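Input: a single structure, listed below in structure tokens.
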Amino acid sequence: MGLSDSHGLMEALAQHRPDLLLLDVQMPGPSGFDLCRILRSTPEWQELPVLLITAHLGLEFRLAAFQAGADDYLSKPVLREELRARVQARLERSRLSRERAERDALTGLLLRRPFIDGLRARLAESQRQGRPLALCFLDVDHFKKVNDQYGHLAGDRVLTRLGRLLGARFRREDVRGRWGGEEFVVALLGETAASAKEILSRTAAELSGMTFEGDAGETFRITFSAGIAVSPADGDSVEVLLKTADARLYRAKANGRNRIET
């Protein structure tokens, strides 16, 4: 979308949440430099890519642009091909930076905070549509023993393989994350406790059939335990669902591990 002047920019950003902002330095109201400085002082928009457009490209302007926090600048008249190339480059760089900040380097899954953000979005969607949402907590069984007996690199290989399995065996709309350590979380939109357990059981069977190699070359297998909570039956808030699924995970471990509790 476009704005004819700089008034109302913050409201427009909050409403549309753009991936990139083009600012003309000469606008009615605050200048592009002033707006850029305001954005860089606002935590929510500090990482938003900003490109300034100007008719002046002297050294003084270039210094002012970068001092204000702009990522790049373009001179008028703006060539369409150059604009497209620079916008695409900035969007790709922003995407890569965001992924590094949101994803666990070992497993490729979402970290805890972005997972919770995704879970909140899926929960709101399920409530609007009148559909259930299943939240699953997974924990690798006897993971400390894996590290102690087979080595920490072997433990990392276990986590990496499980992360890839979770990343590949679920739908695009399902939210998957590494909660921390050997714990993982999955949110399944539209699934009941029974269907979520069936889906998770297939993943458990596939994982238990894999052979892992220890740091000294020995082989071993692993399993996981899991707990499932479903909205709205078990609650309608993220906090309640997380607490319930976590309690059922610990119940699965207390009941012998390598099982899924609902």
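The values are calculated or read from the model by the stated rules, or taken from the named source; none is laboratory data. Predicted model only: the values in this text are computed from it and were never measured. Cβ placement follows ideal geometry from the backbone for every residue including glycine, while neighbour counts extend to all protein chains displayed. The accessibility values were calculated without ligands, DNA or RNA, using every heavy atom of the protein model including side chains. Shrake-Rupley method; radii C 1.70, N 1.55, O 1.52, S 1.80 Å.
List of remarks:
- Dipole magnitude of the chain, debye to nearest 20 (Cβ charges: Lys/Arg +1, Asp/Glu -1, about Cα centre): 540 debye
- Taking amide hydrogens as placed 1.01 Å from N in the peptide plane, the amide H of THR223 sits under 5 Å from those of ASP141, each at least 5 positions away in sequence or on another chain.
- Three-way shape label, region 153-262, alpha-carbon gyration tensor, a/c 1.5: prolate
- Antiparallel DSSP beta bridges within the chain, as percent of all bridges there, nearest 5: 70 percent
- Rule-of-thumb Rg ratio for region 33-134 [Cα; 2.2 N^0.38 Å; N residues]: 1.48
- For the chain, the relative contact order is 16 percent, taking Cα pairs closer than 8 Å that sit 6 or more residues apart in sequence and dividing their mean separation by the residue count.
- Per residue, the accessible area of region 41-192 comes to 55 Å², computed with a 1.4 Å probe over protein heavy atoms only.
- Sulfur and carbon atoms: percent of accessible area, region 66-178 [1.4 Å]: 48 percent
- Based on DSSP H segments of at least four residues, each scored -39500 (n - 2.57), the chain has a per-residue ellipticity at 222 nm of -15500 deg cm²/dmol.
- Entry note, region 33-189: relative contact order of 21 percent, from Cα contacts under 8 Å with a spacing of 6+ residues.
- Simple rule: put +1 on each Lys or Arg Cβ and -1 on each Asp or Glu Cβ in the chain, find the dipole, and look at TRP179, ALA233, VAL78; the Cα lying farthest toward the positive end is ALA233.
- Value of relative contact order over region 145-256, rounded to a whole percent, pairs C-alpha under 8 Å and six or more apart: 21 percent
- In the set (1) -0.58, -0.87, -1.16; (2) -0.53, -0.84, -1.19; (3) -0.41, -0.81, -1.23, the label that goes with log10 I(q)/I(0) by the Debye sum over Cα atoms at q = 0.09, 0.13, 0.17 Å⁻¹ computed for this structure is (1).
- In straight-distance terms, cross-link reach from LYS253 covers every one of the lysines whose alpha-carbon lies under 30 Å from its own, apart from those fewer than eight places away in the same chain; here that gives LYS144, LYS145, LYS197, LYS243.
- Heavy-atom accessible area order for GLU239, GLU60, largest first, 1.4 Å probe: GLU60, GLU239
- Accessible-area order (highest first, 1.4 angstrom probe) of the listed residues VAL240, VAL50: VAL240, VAL50
- Ordered from highest to lowest accessible area with the whole protein assembly present and a 1.4 Å probe, TYR250, TYR150 read as TYR250, TYR150.
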